[in-house]
Every structure is written in C-alpha cells, then in structure tokens.
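Scroll down for the structure; my scribbles are underneath it.
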Amino acid sequence: MSDVENRIVLNIGGIRHETYKATLKKIPATRLSRLTEALVNYDPVLNEYFFDRHPGVFAQVLNYYRTGKLHYPTDVCGPLFEEELEFWGLDANQVEPCCWMTYTTHRDTRETLQILDRLLDLDSDKPTDEEIMKKFGQEENFRTGQLNCWQKIKPKMWLLFEEPNSSLAAKIVSFISVFFVVMSILSFCLKTHHDFRTSTLHNETIFDQSDNSTKTLSSSPSSKPHKVFFYIESVCNAWFAFEISIRYIFSPTKLGFICKPVNIIDIVATLSFVLDSILNQVNHDNDVLEFFSIIRIMRLFKLTRHSPGLKILIHTFRASAHELSLLVFFLILGIVIFASLIFYAERTQANPSNDFTSIPVGLWWAIVTMTTVGYGDMVPKTYVGMFIGSICALTGVLTIALPVPVIVSNFAMFYSHTQARAKLPKTRQRVLPVEAVRPKCGGSGLNAGNVANWKKDGLMPHHQPGLLVMQRRHAISAETSKTSSGGQLNQ
C-alpha cells in the first residue's frame with residue numbers, strides 16, 4: 001500500500017485532521033480503529049470521515065494514537081473530556097500522571113457539590129406538590145386524587161415548620177423560632193451575671209444539749225437568678241416543646257427526625273430545663289444537672305436551618321476532616337516531643353525555680369507554645385530550654401499554617417457554588433436532541449442483527465448513499481454538465 005493510500009482524513013467539528021490508517025490501528029476495539037468506507041460518516045466526494053464532536057479534545061485523542069500518551073487539555077471541563085473519550089471508545093483511566101491530578105479534580109468537586117446540595121438544601125424555590133408527596137410516599141394517591149384529610153394536612157403542617165421559603169406563614173413561624181432561640185440564649189447567659197442575681201442567706205437552727213438552748217447559725221450567703229429569667233425560659237421552652245412535638249408528629253419519617261443531631265440537642269435541652277425546674281421546686285440543688293444544662297447553648301445550631309452561611313462553615317470542616325485530622329496528629333506528636341525535651345532541658349543546669357516538674361506539666365506548656373497563645377505561666381529559664389522553646393514555637397506556626405489553605409479553598413468553593421446557585425436562572429432553555437440522518441438499509445443485504453450492532457456502536461453502514469452525499473453528487477454532476485455544455489458551444 002502506497003503512502004497516499006494509507007492516509008485518512010478526519011473532519012472533527014469542521015477541523016480536518018490527517019493521519020495514517022496504521023496509526024488508528026494501534027489501539028484496537030475503538031471507534032477509530034473500525035473506520036471503513038461503508039460507514040455513514042464517510043463522505044466519498046470529499047474522501048473524509050465527518051464527526052460532529054469537540055475538535056479540541058480530539059487533538060489529544062489523535063495524539064494518544066500517535067504517541068501512546070493521553071494528556072488532559074486544561075481548556076475544557078472534565079465531564080466533557082470524559083464524554084468525548086467515551087464516544088471514541090477510550091479509557092479515561094489512561095490519562096498520564098502529569099495530568100491526572102488536574103483531570104480528577106472535577107470528580108472530587110462534583111461529588112462534594114452533590115453532597116453540599118443534598119445536605120444544605122440551598123434551593124430557595126418552593127417545592128412542588130408532587131415533590132412534597134413523593135417525600136411522604138403519597139405520589140400515587142396524589143396523582144389519582146385519592147388523598148384523605150390527614151394526608152392533605154400532614155404535608156402542609158410539615159412545610160409550615162420545616163420549609164421557611166414555602167409560604168409567608170412559614171416565614172413567620174421561622175422568625176418566631178429564631179426569636180425564642182435568641183431569647184433563650186440571652187437569658188441563659190445573663191442570669192449568671194451578679195447584677196441579675198438576688199442574694200439569699202440561709203439560717204439554720206440547732207439545739208445545744210449542754211445548756212438546753214437553741215442556736216441560730218447563718219450559712220455563707222449565696223445568690224440565685226432573678227425570677228424573671230425563670231419565666232422567660234419557661235415561655236421559650238414551652239415554644240420549643242410545642243415546636244418539636246409538631247415537627248415530630250408531621251415528619252415524613254419519625255426515625256429520621258429523631259436521629260438528626262439538632263433535634264437530639266433540642267430534646268435534651270428541653271428535658272434538662274424541665275428536670276431543673278422540678279428540682280428547684282423541691283429545693284434540691286443538683287450540680288451535675290446544672291452542668292448539663294450547658295447543652296441549652298447548643299440550641300445555636302438550630303440557626304443552621306435558617307442560615308446558609310453557617311451551613312457552609314460547618315460543611316467546610318466536614319469536607320476538611322482529613323486535613324484537620326492530620327493537623328491534630330502532628331500537633332499531638334509535637335506536643336509530646338517538646339514536652340519531653342523541655343522537661344530534661346530544664347534539668348541540665350541548676351534551676352531552683354524550675355516550672356517543669358514533670359512531663360505532663362510540660363504538655364500544657366507545649367500546647368500553649370505550639371498554638372502561639374503563650375500565657376506566660378510557665379517559661380524555660382535555661383539556655384537549652386529557651387532554644388527548645390523557640391523551636392517549639394516555630395514548629396507550631398508551620399504545623400498550623402499547612403492545612404489552612406486547603407480549608408480556605410474548600411470554603412471558597414462552597415461559597416462560590418451557593419452564590420452561583422442563587423444567580424443562575426430558575427429555568428433554562430431546553431436543548432432538543434438532534435437526530436442523525438439514517439440511510440435506508442432495505443435491499444442492501446443487511447440483517448437486523450448487524451444493524452442493531454452498528455447502531456449500538458454508533459456506526460451505520462450506508463450501502464445506499466445518504467441524503468447529504470446525494471445532494472453533493474447532484475451538485476457536482478450539475479457543475480460538470482454545465483462545464484461540458486459550455487465547452488461544446490465554444491467549439
């Protein structure tokens with residue numbers, strides 16, 4: 001076979017590429033390795049194969065056939081590159097190591113953003129009735145119009161307390177919920193201030209058997225919160241109890257509702273207030289229960305239902321869990337090492353005012369130093385200890401600074417995604433699929449099995465020329481006839 005006969009022309013999206021047929025045979029079982037003149041993509045007039053695909057990606061595909069190395073073009077999106085490789089029958093996992101990280105970035109980003117959409121529920125549009133009924137498992141009854149009264153009321157009440165953007169009434173309920181959360185937190189904090197507490201003095205009367213007399217002993221004065229805080233918290237917790245009861249009754253799945261961390265916090269906080277009130281009524285002080293009442297502060301996480309920014313911040317730490325775990329690991333490693341070094345370094349010289357009496361005491365100093373806090377309650381006094389302290393501070397700065405760019409990039413990605421979602425049009429223009437021109441296969445000696453296989457591979461034979469080829473042939477024949485007739489007249 002001559003060099004001219006071995007050449008093949010490929011027209012990809014209007015860009016013509018010329019190569020050898022032997023080059024396309026290097027990677028078998030692919031679309032380009034099975035090109036024949038019996039395909040509908042072949043144009044016998046121009047002697048080329050036409051594919052309406054991305055020409056930029058095909059340049060890298062053809063280079064893969066020539067060199068055996070598949071590189072990723074940085075000017076296209078990752079999913080587009082994957083679609084093109086799938087069309088040409090190539091494996092996307094054959095991308096070269098130099099381009100692998102850049103190529104696979106879109107996979108991680110797409111997966112993370114899908115999780116972000118599912119967890120944060122950033123879509124501010126009102127859900128349709130069919131979507132709501134599907135959540136409650138009543139889509140079939142909704143389509144047939146066989147919903148009873150309870151099935152109609154349940155989704156409406158659930159939307160009223162769970163979806164602030166569903167209606168004006170839901171926004172009012174959301175505002176009331178936020179108001180009581182803020183009031184509960186303020187009351188919990190302000191009642192510990194001495195200006196908002198009342199002093200009480202307890203007197204105890206005892207009987208002295210030595211002289212048969214009674215004596216009154218005064219205990220040390222104590223203080224209790226003003227009664228107004230009790231009434232404020234009672235009203236707030238009454239609303240919380242009512243709200244969580246309604247949300248539980250009308251929730252689509254009871255188990256899923258109880259397993260949510262925010263709902264667990266709300267239930268425990270409400271129960272702690274009830275138990276604390278009961279014990280106060282019987283004049284029984286329980287320090288353990290009072291300590292657990294700190295969980296009421298955790299009601300701040302209820303605001304995540306109304307604040308997308310707080311949701312993004314929490315999910316940023318979730319997505320950066322691997323980097324944060326590495327940070328904690330290296331911090332623990334450095335703390336243990338420097339605590340041991342500073343303990344023995346301070347014993348190398350005479351040091352009567354040595355603050356590092358043991359390695360566990362040195363752990364506190366190492367934590368404070370590596371996190372660059374530096375309280376100054378414990379300081380090294382020997383030259384070796386000062387040198388170790390300076391190395392400890394520098395190591396802490398570098399250790400903390402390393403994962404920060406990753407966390408910042410994750411937050412920027414999540415925030416930009418939410419901003420883009422807010423600015424994107426709600427409805428997009430629909431793109432209709434273009435049906436390729438299929439030639440008739442009748443009378444060509446083809447059986448149904450071969451046609452089905454060619455359709456599956458996207459390769460249709462054209463023993464009878466297609467419409468485009470016929471039009472080109474008629475145009476060339478007309479031009480030829482005009483030229484020949486003009487030449488006869490001149491003669």
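The values are calculated or read from the model by the stated rules, or taken from the named source; none is laboratory data. As the structure is a computational prediction, the values presented were derived from the model and not from experiment. Quick reminder, even Gly has a Cβ in these numbers, built from the backbone with ideal geometry, and neighbours come from all protein chains shown.
General remarks:
- Single residue of Ile153, Ile172 found to be modelled with pLDDT of 80 or more and assigned by TED's automatic domain parsing to the domain that holds Met298: Ile172
- Any hit, the range 35-45, residues being surrounded by fewer than 17 Cβ atoms within 10 Å (Cβ to Cβ) and under 41 Å from the mean Cα position of the chain (by Cα): no
- Close pairs (6 angstrom Cβ cut-off, 6 or more residues apart or separate chains): under 23 Å from Val274 (Cα atoms) in the range 296-311, β-branched (Val, Ile, Thr) anywhere: Met298/Ile265; Arg299/Val181; Phe301/Val262; Lys302/Val181; Lys302/Val262
- Considering the range 45-63, the residues that are in contact with a Phe, Trp or Tyr (Cβ under 9 Å, 6 or more places away or on another chain) and part of a helix (DSSP H, G or I) include one that is farthest from Thr19 (Cα to Cα), namely Val57.
- Pairing residues of the range 10-35 that are part of a loop (DSSP other than H, G, I, E, B) with residues that are at pLDDT below 90 and loosely packed, with under 14 Cβ neighbours inside 10 Å, at Cβ distances under 8 Å and at least 6 apart in sequence or on separate chains, gives Arg31/Asp457.
- In the set (1) in contact with a helix residue (DSSP H, G or I) (Cβ under 8 Å, 6 or more places away or on another chain); (2) modelled with pLDDT under 90, Lys381 fails one condition alone, (1).
- Any hit, the range 367-390, residues being within 11 Å of Ile342 (Cα to Cα) and of a type in the set (Asp, Glu): no
- The single condition among (1) touching a helix residue (DSSP H, G or I) at 6+ places or on another chain (Cβ under 9 Å); (2) surrounded by 12 or more Cβ atoms within 10 Å (Cβ to Cβ); (3) assigned to a helix (DSSP H, G or I) that Pro79 does not satisfy is (2).
- Looking only at the range 329-366, residues that are of a type in the set (Ser, Thr, Tyr) and within 13 Å of Gly389 (Cα to Cα) come to 2 in all.
- Qualifying residue in the range 88-102 (condition: at pLDDT below 95 and touching a Gly at 6+ places or on another chain (Cβ under 8 Å)): no
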